[in-house]
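Working notes, structure below.
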Amino acid sequence: MTTSPRRGHYGVDAPYVPLLTAAGLLVCLGLMVFAHMHGLWITAVLLVFLLTLYLHTTLRGKFAAWRDLLDAQAWRGDEQVLDLGCGRGAILLMAAAYVPRGCATGVDIWSSKDQSGNDIRVATRNAEAEGVAERIELKTADMRELPFADASFDVVVSNVAIHNISATAGRERAIDEAWRVLRPGGRLLIADISRSRQYRQRLSALGARVERRSLGWRMWWGGPWMPTMLITAQKPIDGDAAG
């Protein structure tokens with residue numbers, strides 16, 4: 001698919017992180033200028049690097065990484081897609097472009113702590129700006145209790161969202177729900193900064209064919225110590241053995 005500039009406005013993931021980093025940088029610069037603590041220049045350079053890499057990931061890197069992931073899928077064009085924790089629609093609206101005869105559904109609880117300006121009305125405006133509003137559905141729902149029937153979706157995606165559920169049992173419930181609404185033969189793609197081993201273990205127990213890998217530097221949230229891992233799984237068709 002031809003890459004075109006994003007026309008929506010997608011905010012910043014976990015906005016408190018770059019704000020705290022910027023605050024630390026300002027403190028360092030203030031101490032260097034007014035208290036002559038010039039030994040802090042290494043810390044200041046490191047904070048600039050961390051802030052730059054974080055902003056690149058949230059504003060550009062995640063879009064490039066997900067474009068590659070979505071391009072690699074074998075689309076028919078009529079799929080039903082579900083995005084867990086869709087936020088302002090960054091990944092949801094990209095996926096919608098691949099299903100001109102299908103539908104992309106996003107669910108979220110619209111927490112502005114997890115994404116700046118997170119609001120269902122913003123996601124709606126972004127869908128209109130991207131020209132995919134007619135094939136988008138947005139719902140306020142907890143990913144642990146999805147309001148959909150079994151086997152409703154051909155593709156389920158999630159970007160840096162499931163880890164926000166604090167309890168282990170809650171994250172497992174979200175994985176169970178994603179698996180429940182996925183059709184046999186359907187594909188699941190979960191990108192997250194933590195708990196990916198838990199997701200893999202849970203999906204394997206459910207009978208999935210599971211792979212886990214890093215999405216690389218484009219989705220480093222400040223550095224290689226905070227990478228985004230990708231879990232991919234395919235739901236077996238009746239009679240198939242899990243791999």
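The values are calculated or read from the model by the stated rules, or taken from the named source; none is laboratory data. Owing to the predicted nature of the structure, the values given are computational and were not obtained by experimental measurement. Reconstructed Cβ throughout: ideal geometry from the backbone, glycine too, with neighbour counts over all protein chains shown.
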Can you tell me how many residues within segment 186-213 are under 19 Å from the mean Cα position of the chain (by Cα), surrounded by fewer than 19 Cβ atoms within 10 Å (Cβ to Cβ) and among the small types (Gly, Ala, Ser)? 1
Which residues, counting only those in segment 134-150, are surrounded by 15 or more Cβ atoms within 10 Å (Cβ to Cβ) and either out of contact with any Ser or Thr (no Cβ under 9 Å at 6 or more places or on another chain) or small (Gly, Ala, Ser) (or both)? 135, 141, 142, 144
Answer with yes or no whether residue 53 is out of contact with any Lys or Arg (no Cβ under 9 Å at 6 or more places or on another chain), farther than 30 Å from residue 127 by Cα and at pLDDT 90 or above. no
The lone exception for residue 183 - which of (1) surrounded by 16 or more Cβ atoms within 10 Å (Cβ to Cβ); (2) basic (Lys, Arg); (3) free of Cβ contacts under 8 Å to residues at least 40 places away in the same chain it fails: (3)
Of all residues in segment 61-76 being out of contact with any helix residue (DSSP H, G or I) (no Cβ under 8 Å at 6 or more places or on another chain) and of a type outside the set (A, V, I, L, M, F, W, C), the one that is farthest from residue 116 (Cα to Cα): 76
Could you tell me whether segment 109-128 includes any residue that is over 29 Å from residue 18 (Cα atoms), of a type outside the set (A, V, I, L, M, F, W, C), surrounded by 22 or more Cβ atoms within 10 Å (Cβ to Cβ) and modelled with pLDDT of 95 or more? no
I need every pair where a residue in segment 139-164 that is farther than 20 Å from residue 66 by Cα has its Cβ under 7 Å from the Cβ of a residue that is among the small types (Gly, Ala, Ser) and surrounded by fewer than 18 Cβ atoms within 10 Å (Cβ to Cβ), sequence separation at least 6 or different chains. 144/170; 147/141
Scanning segment 21-48 for residues that are among the hydrophobic types (A, V, I, L, M, F, W, C) and loosely packed, with under 13 Cβ neighbours inside 10 Å, which turns out nearest to residue 113 (Cα to Cα)? 23
Does residue 169 count as outside any helix (DSSP H, G or I), modelled with pLDDT of 95 or more and more than 19 Å from the chain's Cα centre (by Cα)? no
Which numbered condition trips up residue 218, out of (1) in a strand (DSSP E or B); (2) within 17 Å of the chain's Cα centre (by Cα)? (1)
For segment 115-132, pairs from a residue that is among the hydrophobic types (A, V, I, L, M, F, W, C) to a residue that is outside any loop (DSSP other than H, G, I, E, B), with Cβ under 6 Å and 6 or more apart or across chains, are 120/138; 123/138; 127/93; 127/133; 127/136; 132/93; 132/96
Among the residues of segment 1-20, which ones are among the aliphatic types (A, V, I, L, M) and either touching an Asp or Glu at 6+ places or on another chain (Cβ under 9 Å) or part of a helix (DSSP H, G or I) (or both)? 1, 14, 17, 19, 20
